[in-house]
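A.B. asks: Here it is, the structure in full.
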Amino acid sequence: MGIFKSKEEKEQARLAKVEASIQEEKGRKLRHEAQQERDRLWKEAENQKALVAKQEEENRAKIFKEGIASAISIADQNSVIIEQNALTNDLLAIIAINGGMMSQGAVLAVQKTHIKKCAKYINP
């Protein structure tokens, strides 16, 4: 315990440094693996996003080419026609009653409601 360290103290200090180095290396390895996993998940999410965008674009192209009726099942077409008639009646009522700036906001609200109602038929 004097000024000079004994062989045992020197060996313990060396072993402590080696242990610290090993722990540091394990931490680096774990951080690297976590980074790789995060990157893999990020790429997977990007690929999924691109796939969904491609499918949506194909659906839009099909609807543009064949019409919206092709995107709606036969069983739901009557329901969509009824919804469209209700929308037309609502819009005509707004035009007949208001006919001014307020009617634009009402029209947008009615259209938004109509789109929500019809969305369940187009993308079941």
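A.B. asks: Rounded if a/c is under 1.5, else prolate if a/b beats b/c, else oblate: with a ≥ b ≥ c from the C-alpha gyration tensor eigenvalues square-rooted, which is the stretch 1-42? Write down the numbers at each step before the final one.
C.D. replies: Numbers: a/c = 10.14, a/b = 6.26, b/c = 1.62.
Note, shape of the stretch 1-42 comes out prolate.
A.B. asks: What does the charge add up to near ARG14, with Lys and Arg as +1, Asp and Glu as -1, over the other residues with Cβ less than 15 Å from its Cβ? Don't jump to the answer; show the numbers that get you there.
C.D. replies: On the way: positive: LYS5, LYS7, LYS10, LYS17; negative: GLU8, GLU9, GLU11, GLU19.
Taking every other residue near ARG14 into account, the sum is 0.
A.B. asks: Could you go through the stretch 75-84 in sequence order and give the Karplus-derived ³J(HN,Hα) for each residue, using 6.51 cos²θ - 1.76 cosθ + 1.60 with θ = phi - 60°, rounded to whole Hz, and x for Gly and Pro?
C.D. replies: Each residue's phi maps through the Karplus curve to give 5, 8, 5, 5, 4, 5, 4, 5, 4, 5 Hz.
A.B. asks: With an 8 Å cut-off on Cα pairs and a minimum separation of 6 or more residues, tell me the relative contact order of the chain in percent.
C.D. replies: 23 percent
A.B. asks: When Rg is the radius of gyration of the Cα atoms in the stretch 1-71 and Rh is its Kirkwood radius, what does Rg/Rh come to?
C.D. replies: Details: Rg = 29.8 Å, Rh = 17.7 Å.
Taking Rg over the Kirkwood Rh, I get 1.68.
A.B. asks: Still on this structure, I have one more. Of ALA53, GLY67, VAL18, which is farthest along the charge dipole of the stretch 1-71 in the positive direction, counting Lys and Arg as +1 and Asp and Glu as -1 at C-beta?
C.D. replies: VAL18
A.B. asks: Now, a different point. Can you give me the angle between helix 7-66 and the longest principal axis of the chain, using Cα atoms only, in degrees from 0 to 90, rounded to the nearest 10?
C.D. replies: 10 degrees
A.B. asks: Additional query: Which ³J(HN,Hα) values in Hz, rounded to whole numbers, follow from the phi angles of the stretch 86-93 under the Karplus curve 6.51 cos²θ - 1.76 cosθ + 1.60, where θ = phi - 60° and Gly and Pro get x?
C.D. replies: Karplus values, whole Hz, x for Gly and Pro: 4, 4, 4, 5, 4, 5, 5, 5.
A.B. asks: To continue, here is another question. Can you give the charge dipole size of the chain about its Cα centre, rounded to the nearest 20 debye, using +1 on the beta carbon of Lys and Arg and -1 on the beta carbon of Asp and Glu?
C.D. replies: Working: 21 positive and 18 negative charges, 86 e Å.
Dipole of the chain, to the nearest 20 debye: 420 debye.
A.B. asks: Note the full-extension length gain between SER6 and ASN78 as 0.36 nm times their separation in residues minus their Cα-Cα distance, in nm to one decimal. Don't skip to the answer; put the middle values down first.
C.D. replies: Working: separation 72, 0.36 × 72 = 25.92 nm, distance 9.44 nm.
Gain in length upon complete extension: 16.5 nm.
A.B. asks: In vacuo Debye scattering of the chain, one point per C-alpha: log10 I(q)/I(0) at q = 0.09, 0.10, 0.13, 0.19 Å⁻¹?
C.D. replies: Taken in order of the listed q values, log10 I(q)/I(0) reads -0.57, -0.63, -0.82, -1.09.
A.B. asks: Give LYS54/LYS112; LYS54/LYS117; LYS26/LYS54; LYS5/LYS26 a once-over and call out the pairs whose C-alpha atoms are over 32 Å from each other.
C.D. replies: Working: LYS54/LYS112 25 Å; LYS54/LYS117 25 Å; LYS26/LYS54 42 Å; LYS5/LYS26 30 Å.
Violating the 32 Å Cα-Cα cut-off are LYS26/LYS54.
A.B. asks: Note down the magnitude of the dipole of the stretch 1-71 about its Cα centre, charges +1 on Lys and Arg C-beta and -1 on Asp and Glu C-beta and zero elsewhere, to the nearest 20 debye. All intermediate terms of the calculation are to be shown ahead of the outcome.
C.D. replies: Working: 17 positive and 15 negative charges, 44 e Å.
With Lys and Arg at +1 and Asp and Glu at -1, about 220 debye.
A.B. asks: Give the angle, between 0 and 90 degrees and rounded to the nearest 10, that separates the Cα long axis of helix 101-122 from the longest principal axis of the Cα atoms of the chain.
C.D. replies: That works out to roughly 70 degrees.
A.B. asks: 222 nm [θ] for the chain, helices only, -39500 (n - 2.57) per DSSP H run of 4+, per residue, to 500?
C.D. replies: Values: 3 runs with 106 residues, N = 124.
About -31500 deg cm²/dmol.
Bear in mind these aren't lab numbers, they're just calculated from the coordinates by the rules spelled out. Note that this is a predicted model, so its numbers are computed, not measured. Cβ atoms come from the backbone with ideal geometry, glycine included; neighbour counts cover every protein chain shown.
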